[in-house]
1. For the range 179-191, check the following and say yes or no: at least one residue is modelled with pLDDT under 80 and more than 30 Å from residue 244 (Cβ to Cβ).
2. Given the options 347, 334, name the one that is modelled with pLDDT under 70, in the same structural domain as residue 221 (by TED's automatic domain parsing) and closer than 30 Å to residue 221 by Cα.
3. From the list 159, 166, 171, 176, exactly one residue is within 26 Å of residue 268 (Cα to Cα) and surrounded by fewer than 18 Cβ atoms within 10 Å (Cβ to Cβ). Which is it?
4. Among the residues of the range 214-262 satisfying the criterion of being touching a residue at least 60 places away in the same chain (Cβ under 8 Å) and touching a strand residue (DSSP E or B) at 6+ places or on another chain (Cβ under 9 Å), which is surrounded by the most Cβ atoms within 10 Å (Cβ to Cβ)?
5. Would the range 135-153 turn up any residue that is surrounded by fewer than 17 Cβ atoms within 10 Å (Cβ to Cβ), assigned by TED's automatic domain parsing to the domain that holds residue 17 and modelled with pLDDT of 80 or more?
6. Just checking, which of 292, 352 is surrounded by 15 or more Cβ atoms within 10 Å (Cβ to Cβ), closer than 30 Å to residue 191 by Cβ and modelled with pLDDT of 85 or more?
7. Whether any residue in the range 263-273 is touching a strand residue (DSSP E or B) at 6+ places or on another chain (Cβ under 8 Å) and either surrounded by 12 or more Cβ atoms within 10 Å (Cβ to Cβ) or in a helix (DSSP H, G or I) (or both) is what I want to check.
8. When you scan the range 197-256, how many residues do you find that are modelled with pLDDT under 90 and more than 30 Å from residue 150 (Cβ to Cβ)?
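The values are calculated or read from the model by the stated rules, or taken from the named source; none is laboratory data. What you are looking at is a predicted structure, and each value in this text was computed from that prediction instead of being measured. Here Cβ is always computed from backbone atoms with ideal geometry, including for glycine, and neighbour counts include all displayed protein chains.
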């Protein structure tokens, strides 16, 4: 079947995914964003340097693989304005431009080394990604089964929710005191403050707001396994509801939920196996975590028949409850042992990226739910006024 020009449609999801992935590349390239210094050389002096003396296949392959999705997303995001070889060339140029900028900035970071080999590998990865996806672009975005699923199962404005859903399995990969217990960024920021600054802030709060006392009292109400079951079920329920909130009536919502659960547990097990020094798959699968998975999955399946607005409210309430608990409950004393077993090494920057994703994902989901609630309220208000 021949696709006419007027039938070709741009993909908002591809552009959003490109922006998100480019942001992740920037983060992974510049993490931990500290120790900036100048060596008295230009930012692009690395281009004329000789090749590194010590080369590892792992580093080269990682650089190529890391930029392949970027090249593919550039081709998809440029469609239909640029297609074929032109889009591939732009993917190569975009990948080389981003990589060159990152390598130049790394000149001023003591923990990173600007390398012309990394630049070449990244540009080659973007080229490979563009070459692989270019022949399938029209099939994916115009007439392919992915596009049919996209508009048969999901509403047109579901791109942001689909992106959040795709990121959810990765948000749970980094170890947390409680399974799926992300969003503890406020606690991390508070713990990072100087004690004098903490005392100055607490001086403005009423004396009854003793965080340590309230934390200890809350933790004493239930055993750790029970708290983990609650936190796990709240966050999993919110993720499953969010994934199916903007689906059409004909969409297989339960199968989508089960598929997301399988993908999440597989990602968690794979990350644990790769980075645990003991090579374990399931050290995170405590009794409380397994109970939470079962409760969250059952609650999400049972709520499928509820009105969309009610499901959104329940998902938002579950997110708020989970965020409150992970930030107020005392830390599990055994969590330090688990984190110490988490092998950093060559995965250091990837782990930092996963950690930030775990911190930010619940707030991104909660922000979207709040925005959707506001839009629904304004629509009802306009309807009543009319």
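1. yes
2. The unique qualifying residue is 334.
3. 166
4. Taking the candidates together, the pick is 246.
5. Looking through the range 135-153, at least one residue is surrounded by fewer than 17 Cβ atoms within 10 Å (Cβ to Cβ), assigned by TED's automatic domain parsing to the domain that holds residue 17 and modelled with pLDDT of 80 or more.
6. 292
7. Among the residues of the range 263-273, not one is touching a strand residue (DSSP E or B) at 6+ places or on another chain (Cβ under 8 Å) and either surrounded by 12 or more Cβ atoms within 10 Å (Cβ to Cβ) or in a helix (DSSP H, G or I) (or both), which makes the answer no.
8. Here the count works out to 29.
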